[in-house]
Amino acid sequence: MPVTHEDILRWLQRSTQVLHENSAYLTQLDSAIGDADHGSNMDRGFTAVSAKLASLSNADIGALLKTVGTTLVSTVGGASGPLYGTAFLRAGMASAGKQSLETPDVIALFDAALEGVKTRGKAQAGEKTMLDALIPAIEAGKQAASDQLPPAQVLQRMAVAAETGMKSTIDMVATKGRASYLGERSAGHQDPGATSCWLILQAFSDILAA
Amino acid sequence: MPVTHEDILRWLQRSTQVLHENSAYLTQLDSAIGDADHGSNMDRGFTAVSAKLASLSNADIGALLKTVGTTLVSTVGGASGPLYGTAFLRAGMASAGKQSLETPDVIALFDAALEGVKTRGKAQAGEKTMLDALIPAIEAGKQAASDQLPPAQVLQRMAVAAETGMKSTIDMVATKGRASYLGERSAGHQDPGATSCWLILQAFSDILAA
Amino acid sequence: MKKLINQTEDVVKEALAGMALAHADLINVDLEQQFIVRKDAPIKNKVGVISGGGSGHEPMHGGYVGYGMLDAACPGAVFTSPVPDQMLAATKAVDGGAGVLHIVKNYTGDVMNFEMAAELAAAEGIEVVSVVTNDDVAVQDSLYTAGRRGVGVTVLLEKIVGGLAETGAPLAQVAEMARQVNNQGRSMGMALTSCTVPAAGKPTFELGEDEMEIGIGIHGEPGRRRAKLASAADITETLTTPIVEDLGLKAGEQVLAMVNGMGGTPLLELYIVFNELERILKGRSISIARSLVGNYITSLEMAGCSITLVRLNDELIKYWDAPVHTPALRWGR
Amino acid sequence: MKKLINQTEDVVKEALAGMALAHADLINVDLEQQFIVRKDAPIKNKVGVISGGGSGHEPMHGGYVGYGMLDAACPGAVFTSPVPDQMLAATKAVDGGAGVLHIVKNYTGDVMNFEMAAELAAAEGIEVVSVVTNDDVAVQDSLYTAGRRGVGVTVLLEKIVGGLAETGAPLAQVAEMARQVNNQGRSMGMALTSCTVPAAGKPTFELGEDEMEIGIGIHGEPGRRRAKLASAADITETLTTPIVEDLGLKAGEQVLAMVNGMGGTPLLELYIVFNELERILKGRSISIARSLVGNYITSLEMAGCSITLVRLNDELIKYWDAPVHTPALRWGR
Ligand SMILES: Nc1ncnc2c1ncn2[C@@H]1O[C@H](COP(=O)(O)OP(=O)(O)O)[C@@H](O)[C@H]1O
Ligand SMILES: Nc1ncnc2c1ncn2[C@@H]1O[C@H](COP(=O)(O)OP(=O)(O)O)[C@@H](O)[C@H]1O
Ligand SMILES: [Mg+2]
Ligand SMILES: [Mg+2]
Ligand SMILES: [Mg+2]
Ligand SMILES: [Mg+2]
């Protein structure tokens, strides 16, 4: 079954809810190696996204995701605002005009999002950022795609890989983002951005599985 | 035995030591109903007095006590500086030219000191100040004097009465000094100035008893 | 105790040394006799205006020495009134032949020490008039007690009176203006946390996570009562209402308003309180014609704030607006 | 959490409202689009100078909007970079036809958001040049990392560059001056306590009674290392030496020195640190030609301080001394 416009709306709603529920947790992770705002940032951004969803019930998936991107850029701020904002903008561009997504579309969407985050943030794998959840997730997604799996299973594998990637950030020494100022002291803590990235992918997987 | 010039010097030294040892205690009392400085104030003042004692070995008791008074005025500040300063100044004036003190001289000395504190501070008994140690002490001293007791015993009774007076401040509601700002909340706490007053009288008694 | 200090007994001395270095263009600091004086003092035929009090309230008073405000300030030990010797030395240093005004906050210690200094100055032939500030509405006023504390109004008074003195006005007029500002001003303060006197080494009082002290002074002493922590709106209301009522402020009147931080509260929060203050006063049709928001009369690192209102008239506005150039307050030059 | 606030989500909005009321003569605050702008903006043919960053650093940046300094400031949520929309709106509001300088502190978020804003402004035909400050010597500089943070130099740069912009100098020259000040300045900070982000509700980190953090930024983040509490003399040495060495300051040179409080440290202590700083620099024959001591770039109620030194030359002194009239910095008018 392809991913429908309705699925995307439910994914965004579920992400809003999950990020709201995990706001204190994300902020706590950000307290250890950052500035104690990642939870409120994501919560603020997705709450704004949520408020726009009703008016977007007729937009195609591309337009929908682009609006998510511009809304995040306009309401989040910090590092996560431009990064997640750009990710959704690019995802929207990659799915312009679409009313549903087959597995290759899903992969293209995330590939575009990843490209956006990399271009905007100039980071790469292993620097203790959201990329350390996103990159392995997309790799797992591509593997699943080459196994001809449907979107729901692709997303399920992506979420698992994102979670593993997220946990791998614990041992990393940050070289990008605010945690990099801590140098060696950044090791031993899980990256908040990698965590929110996993939460969002898990939300997608949960929606498709339901 | 009359109180000698040497006794007065030893009294001042002992007061310095006792106030230094009780500095934290006096400051703690002042924390509850004042501004947490009475211990440091008295300690600073008597340390300055102590430093001058060596150069005063030839002065008569009056000159000695006057120097104590001016030194306290010049180094203590706060409420206790002018009050104890004036007390010692007046005590010095009352014992001008004397090399030793009989019981009536001792009473005259403290009467003058009390007059000084009252004039300077415009307080009276029952307002939760050092007067609540000093006034009963002098009353007890006068009683002892009328019983024809020698200075050592006069001071011993004065110290006992000062201690009782000091404790009586616990239940009082302050109407003078910084504790008055607390209104009813000042009740339940012992007055720091009454406490230092008792310590000084006790030091005098201890010296004469030794 | 966590402070940026060396030895506790050197705190005031070293801070004064730092002040002298940081503001060498404006002030001289006599480290020996412990007073801060305008670089150009004494000024011939100008009334000298001095104040003083315990340290720990910075920028008050030393930060207000300079053109258009104080001629000298005498800092005591932390929270301890200075001694008469300092005040006498400062009085002599600023006497330009027109007499000297002593601005004294109403605390037993301050009053007595300034009294002794004034007696000593008189003995040396210097005319001194003392004006005592007592603007704290948290304290009941009474003939039989120590009376109200002098708090926030002191700062505003020093500015206005300093402005008048700068014009060469005679001592009687300068003193009268000081009394007027004191009469027209009221304050009230509150604390979210205690402060720690360096020599004491631990907080003066303990407060629970959900408690605050209402009706505090500026010496870290507990307030009139302890209350449950409340919103900025409620706290501002609690502080403002007694001030407005005690001053008898009427619709249509205008005030000089100060929202003062006690030392440990961020400016961000003080602006929130100012926002509430303006709302409350507007509700009573009282307008804020001039204002100050910041740390002006503090209690070391205490978190909390105080509010001061002074009823304004054209003359007070004129001297408030007059140029001032001190380490902590500067405008017009 | 003990703060003078109402709802945590309203903190920035209400503080801005308070600021607007307190400084209505100097600034306008657009509460909708969330930026603070000079009353007289845009000024024809003058380069617009804007900055921005998370809130919680007050008086930076909003307190520096006014004559001779910033034309506008964009405050984000507490410790969160503002969004491009705010920056674009501010850029348009101050563009007087001579282009706009964006002063950006080097944090990933700030840099990216300002980058997006600059792209948007360019699309609307406004010439924008961005200068990034990165003066924090606590952080190793490297091509492969996020690089050094922008901290105290930002304030001093805004003053100097604002002074130059006021003369009508062209954008390229104003930007070049900004780069020069950044190159000639270094900072380092330390914390005695953490701060509490309102939305987080508890301290960002915990510190023992005898511990401090060395090499902190301005967002309540932990520092480079934790150390045993030390004397003001030792702490000042610890902060000053890396600055002097990284800047390569030589005997005979003169500097602009700032001893900045993080928000919860009394002025008394900052003067003690300044006293130590002067002693240390004098020992190296470096003279402090100009100075600031106080809370200028803060981390909410954090106790601690930072030191900033900028190597001076005659031109920098000239624009430092030039008149400035903002809520938080004022002289010469
Ligand atoms: N250059 C970058 N590339 C990718 N992700 C980054 C980069 N810099 C930071 N991040 C991510 O952003 C997260 C922090 O977001 P947030 O706390 O909202 O912003 P800020 O650091 O500005 O406070 C980090 O945990 C990290 O995952
Ligand atoms: N008017 C007064 N008359 C007599 N004693 C007073 C008066 N006011 C205050 N005191 C005494 O002074 C003591 C406080 O001294 P201290 O703490 O050194 O000064 P301050 O109150 O200025 O900090 C009080 O405990 C009280 O005993
Ligand atoms: Mg963060
Ligand atoms: Mg006291
Ligand atoms: Mg005192
Ligand atoms: Mg942030």
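What follows is calculated from the coordinates using simple rules that are stated; it is not laboratory data. Note that the structure is a prediction, hence the values are computed from the model and not measured. As a convention, Cβ positions derive from the backbone with ideal geometry for all residues, glycine included, and neighbour counts pool all protein chains shown.
Each peptide in C:309-318, A:23-32 gets a packing score, the mean of other Cβ atoms within 10 Å over its residues, and the list from highest to lowest is A:23-32, C:309-318.
Calculated from DSSP H runs of 4 or more alone, at -39500 (n - 2.57) each and per residue, what is the 222 nm mean residue ellipticity of chain B, nearest 500?
It comes out at -23000 deg cm²/dmol, rounded to the nearest 500.
Normalised Debye scattering of the stretch C:97-232 at q = 0.10, 0.22 Å⁻¹ gives log10 I(q)/I(0) of -0.43, -1.27, counting only Cα atoms as equal scatterers and leaving out solvent.
Does the stretch C:244-329 come out rounded, prolate or oblate by the C-alpha gyration tensor, with a ≥ b ≥ c the root eigenvalues, rounded set by a/c under 1.5 and, if not, prolate when a/b is larger than b/c and oblate if not? The shape class here is oblate. Using only Cα atoms and rounding to the nearest 10 degrees, what angle (0 to 90) does helix A:103-121 make with the longest principal axis of chain A? Around 30 degrees separate the two axes. Considering the options D:SER187, D:LEU249, D:TYR271, tell which one lies farthest towards the positive end of the dipole of the stretch D:185-311, charges being +1 on Lys and Arg and -1 on Asp and Glu at the Cβ, about the Cα centre. In the stretch D:185-311, that residue is D:LEU249. Summarising the amide proton neighbourhood of D:PHE35: residues at separation of 5 or more, or on other chains, whose placed amide H is nearer than 5 Å comprise D:ASP30.
Using the crude model of +1 on Lys and Arg Cβ and -1 on Asp and Glu Cβ, and no other charge, please compute the dipole size for the stretch B:3-209 relative to its Cα centre, in debye to 20.
On the way: 17 positive and 21 negative charges, 87 e Å.
Its charge dipole is roughly 420 debye.
The order of the peptides D:164-170, B:38-44 by mean Cβ neighbours within 10 Å, most packed first, is B:38-44, D:164-170.
Electrostatic bookkeeping for C:VAL132 treats Lys and Arg as +1 and Asp and Glu as -1; over the other residues with beta carbon under 11 Å from its beta carbon, the sum is +1.
Put in line by how crowded their Cβ is, counting other Cβ atoms within 10 Å and starting with the fewest, D:THR193, C:THR8 read C:THR8, D:THR193. Across the identical copies, the 7 Å label point of A:TYR25, projected outward along Cα→Cβ, sits 5.6 nm from its counterparts, in ascending order. Adding -39500 (n - 2.57) for every DSSP H run of four residues or longer, then dividing by how many residues chain D holds, sets the calculated 222 nm ellipticity at -10500 deg cm²/dmol. Counting only alpha carbon atoms, the long axis of helix A:151-168 and the longest principal axis of chain A meet at about 0°. Legend: mean number of C-beta atoms from other chains within 10 angstrom of residue C-beta atoms, peptide C:71-82, equals 5.
Amide H contacts under 5 Å for C:ALA303: C:LEU192, C:THR193, C:GLY264, restricted to partners 5 or more places along the chain or on a different chain, H placed in the peptide plane at 1.01 Å from N.
Roughly how crowded by other chains is peptide C:33-39, in terms of the mean Cβ count from those chains within 10 Å of each of its Cβ atoms?
0
As a calculated quantity, the FRET efficiency between A:LYS167 and D:ASP10 at R0 = 60 Å, using C-beta atoms, amounts to about 0.95. Our coupling estimate for the stretch B:64-78, obtained by passing each phi through the Karplus curve with A = 6.51, B = -1.76, C = 1.60 and θ = phi - 60°, is 4, 5, 5, 5, 4, x, 5, 5, 5, 4, 7, 10, 8, x, x Hz, Gly and Pro reported as x. Averaged over residues, the count of other Cβ atoms within 10 Å places the peptides D:268-278, A:63-73 in the sequence D:268-278, A:63-73, highest first. Rounded to the nearest Å, what's the spacing between the alpha carbon centres of the stretch D:199-251 and the stretch C:1-69? Just the number, please. Spelled out, the Cα-based centre of one part sits 28 Å from the other. Near the amide H of C:SER55, within less than 5 Å, lie the amide hydrogens of C:GLY76, C:ALA77, C:VAL78, C:PHE79, C:THR80, all on another chain or at least 5 residues away, with H placed in the peptide plane. Translational diffusion coefficient of the protein assembly as shown (Stokes-Einstein, Kirkwood radius from Cα pairs, 10 °C, 1.306 mPa s): 51 µm²/s.
Fewest neighbouring Cβ atoms within 10 Å first, the residues D:ILE286, D:ILE218 line up as D:ILE286, D:ILE218. Across the identical copies, the label point of D:ALA172 (7 Å from Cα in the Cβ direction) is separated from its matches by 7.0 nm, in order from shortest. Short-range pairs are left out: with C-alpha atoms under 8 Å and at least six residues apart, the relative contact order of the stretch C:185-311 is 36 percent.
Summing charges over neighbours of C:SER291, with a neighbour being any other residue whose Cβ is under 12 Å away from its Cβ, gives -1 when K and R count +1 and D and E count -1. Each residue of the stretch C:203-219 was assigned a 3J(HN,Hα) from its phi angle through the Karplus curve 6.51 cos²θ - 1.76 cosθ + 1.60 (θ = phi - 60°); the sequence is x, 5, 9, 10, 10, x, 4, 10, 10, 9, 10, 10, x, 7, x, 10, 10 Hz, with glycine and proline shown as x.
Beyond 19 Å in Cα-Cα separation lie the following of the pairs B:LYS118/B:LYS176; C:LYS228/D:LYS3; A:LYS66/D:LYS105; A:LYS128/A:LYS167; D:LYS250/D:LYS318; C:LYS159/D:LYS159: A:LYS66/D:LYS105; D:LYS250/D:LYS318; C:LYS159/D:LYS159. Spatially, the stretch A:1-54 and the stretch C:278-333 are offset by 44 Å when compared through their Cα centroids. Mean partner shielding of peptide B:173-182, defined as the number of other chain Cβ atoms within 10 Å of each residue Cβ, is 6. Its residues counted as N, chain C yields a C-alpha radius of gyration over 2.2 N^0.38 Å of 0.94.
When chain D is modelled as a GNM with alpha-carbon springs shorter than 10 Å, which of D:THR145, D:THR108, D:THR154 fluctuates the most? Between D:THR145, D:THR108, D:THR154, it is D:THR145 that shows the largest mean-square fluctuation. Here the 3J(HN,Hα) profile of the stretch B:55-63, calculated from phi with Karplus coefficients 6.51, -1.76 and 1.60 at θ = phi - 60°, is 6, 10, 5, 9, 5, 6, 4, x, 5 Hz, Gly and Pro shown as x. Averaging Cα coordinates gives a centre for the stretch B:76-108 and one for the stretch A:169-206; these two points are 73 Å apart.
By the equivalent-ellipsoid construction on the alpha carbon gyration tensor, the stretch A:3-209 comes out with semi-axes of 26, 19, 14 Å, ordered largest to smallest.
In nanometers and ordered shortest first, the copy-to-copy spacing of the C:THR241 label point, defined 7 Å from Cα toward Cβ, is 5.8. Dividing the mean sequence gap of close Cα pairs (under 8 Å, 6+ apart) by how many residues chain B holds gives a relative contact order of 23 percent. How far is helix A:23-33 tilted off the main Cα axis of chain A, in degrees rounded to 10, range 0 to 90? Between helix and principal axis, roughly 40 degrees.
Of the residues D:ILE103, C:ILE214, the one with the fewest other Cβ atoms within 10 Å heads the list, and the complete ranking is C:ILE214, D:ILE103.
Rounded to the nearest 20 debye, the dipole size of the protein assembly as shown about its Cα centre is 1000 debye, using +1 on the Cβ of Lys and Arg and -1 on the Cβ of Asp and Glu. Short-range pairs are left out: with C-alpha atoms under 8 Å and at least six residues apart, the relative contact order of chain C is 18 percent.
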